[in-house]
Amino acid sequence: MIFRMRVLGIETSCDETGVAIYDTDEGLVADELYSQAAAHAAFGGVLPELASRDHVRKLAPLTRRALESAGLEPGAIDGVAYTAGPGLVGALMVGAAFAAGLARAWRVPALPVHHMEGHLLAPLLEDPGPDSPRPDFPFVALLVSGGHTMLVEARGLGDYRQLGTTLDDAAGEAFDKTAKLLGLGYPGGAALAKLAEGGDPAAWRFPRPMLGKPGLDFSFSGLKTAVALAIRDAEEHGSLDGAQRADIAASFQAAVVDTLVEKSLRALDAAAIGTLIVAGGVGANARLREALESAAGARGARVCFPRPAYCTDNGAMIAYTGALRLHASGHDGGIVARARWPIESLEPVAPRASRTSRAPQRGEH
Ligand code: KG4
Ligand code: ZN
């Protein structure tokens, strides 16, 4: 990037409050996160009203901490990015209003960011390793979170085509619902993965939904029903002990992983692209990582994952996406909160080389 910029990013689309600062010269210089998961756990899911109120409580202290940890004054910030959707509309409104207030006070642009664009750009935030260059466009993104399961062809900033999506439950939702059936807490994806470590993935042959059909869509509700029936069966036979639960968890996880891997490979073929990026909370799953790496590697394709902290919701990906967008155009987007917002409706942003615009100046809206 030619002009140095620092963007503060705010994430409040669900139950995580994230505030981070991305510096185009130095990378991420602050990254604060507060998870409300414990507060929602008692309700077995995210309570929207509680989420909004908790974001209100946490945003100002986290912002102060982010500035302090980066050693920056507000005057050093060139833009305030925030998640404008999709997500819980009340929670989004809190972040949008807070961000727009800061932007107005600091006389810099407010930058509405699409939450899923944030997820899919997160792997571009930093080099994956010393010998591994940062991935770049074009790539196929597998976005697997609590609310979404999508395969997206990404050709450039804002240039996204949805190749496939879930017809019912999201992958993370399937993990969470299965975890609940197994008596694990909410959100149960990580706990289920841990339980699965001690289980036999071949103990149960659960359905691999949609694998027999052409196309790139997913469906997980049938799998969840199959697991529910297996648990009921085991309970009726009095055999639902720790080992049985671990076997069910491992077999469920294997079915989801097989499905995600197979569809991802099909998407790479369909788009004729050699790079797969995996993002969203389920991207933290170790079995999924291993399986994708070996399957894609066998075909000569590259798979990139953000580190687990950037797979789940965070402010860093919003700050980073905001910085790319500020660099590209930088106009003030005001307060926007959209519960639903198809990623395909974003407009491609022309590459910097072909633009004549200069970097926006402080106070220019
Ligand atoms: O991206 P994210 O933090 O939030 C949403 O935007 O939804 O994803 C959260 C989802 C939850 O469903 C959680 O259970 C799941 O990601 N998850 C996992 C793992 N860690 C988090 N699922 C499977 N294995 C994991 N290790
Ligand atoms: Zn998310």
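The values are calculated or read from the model by the stated rules, or taken from the named source; none is laboratory data. Treat the numbers as computed from the prediction; the structure is a model and nothing was measured. No Cβ is skipped: glycine too gets one built from the backbone with ideal geometry, and neighbour counts run over all protein chains shown. Remember, those area values only see protein heavy atoms, side chains included, never the ligands or the DNA or RNA. Shrake-Rupley method; radii C 1.70, N 1.55, O 1.52, S 1.80 Å.
Quick notes on this one:
- Region 12-35 - residue that is away from ligand 2 (no atom under 14 Å from the Cβ) and assigned to a loop (DSSP other than H, G, I, E, B) and, of those, nearest to the chain's Cα centre (by Cα): Thr24
- Every test in (1) aliphatic (A, V, I, L, M); (2) part of a loop (DSSP other than H, G, I, E, B); (3) surrounded by fewer than 19 Cβ atoms within 10 Å (Cβ to Cβ) is passed by Ala38 save one, and that test is (2).
- Unmet requirement for Gly9, which otherwise passes all of (1) part of a helix (DSSP H, G or I); (2) buried (at least 19 other Cβ atoms within 10 Å of the Cβ): (1)
- Tabulated pairs, region 80-107, first without any contact (Cβ under 8 Å) to a residue 24 or more places away in the chain, second open to solvent by less than 30 Å² (accessible area, probe 1.4 Å) and not small (Gly, Ala, Ser), C-beta under 6 angstrom, 6+ apart or interchain: none
- Restricting region 136-151 to residues that are in contact with a Lys or Arg (Cβ under 7 Å, 6 or more places away or on another chain) and touching a residue at least 24 places away in the same chain (Cβ under 8 Å), the residue that is surrounded by the most Cβ atoms within 10 Å (Cβ to Cβ): Leu151
- Lone qualifier among Gly158, Gly238 - being at positive phi and without any contact (Cβ under 8 Å) to a residue 12 or more places away in the chain: Gly238
- When region 126-151 is filtered for residues that are among the β-branched types (Val, Ile, Thr) and under 13 Å from the mean Cα position of the chain (by Cα), the ones remaining, listed by number, are Val144, Thr149.
- Among the residues of region 211-226, the ones that are open to solvent by less than 50 Å² (accessible area, probe 1.4 Å), more than 21 Å from Gly164 (Cβ to Cβ) and modelled with pLDDT under 95 come to 0 in all.
- Set side by side, the residues Ala295, Ala291, Ala255, Ala272 differ, and just one is modelled with pLDDT of 95 or more, open to solvent by less than 40 Å² (accessible area, probe 1.4 Å) and away from ligand 1 (no atom under 16 Å from the Cβ), which is Ala295.
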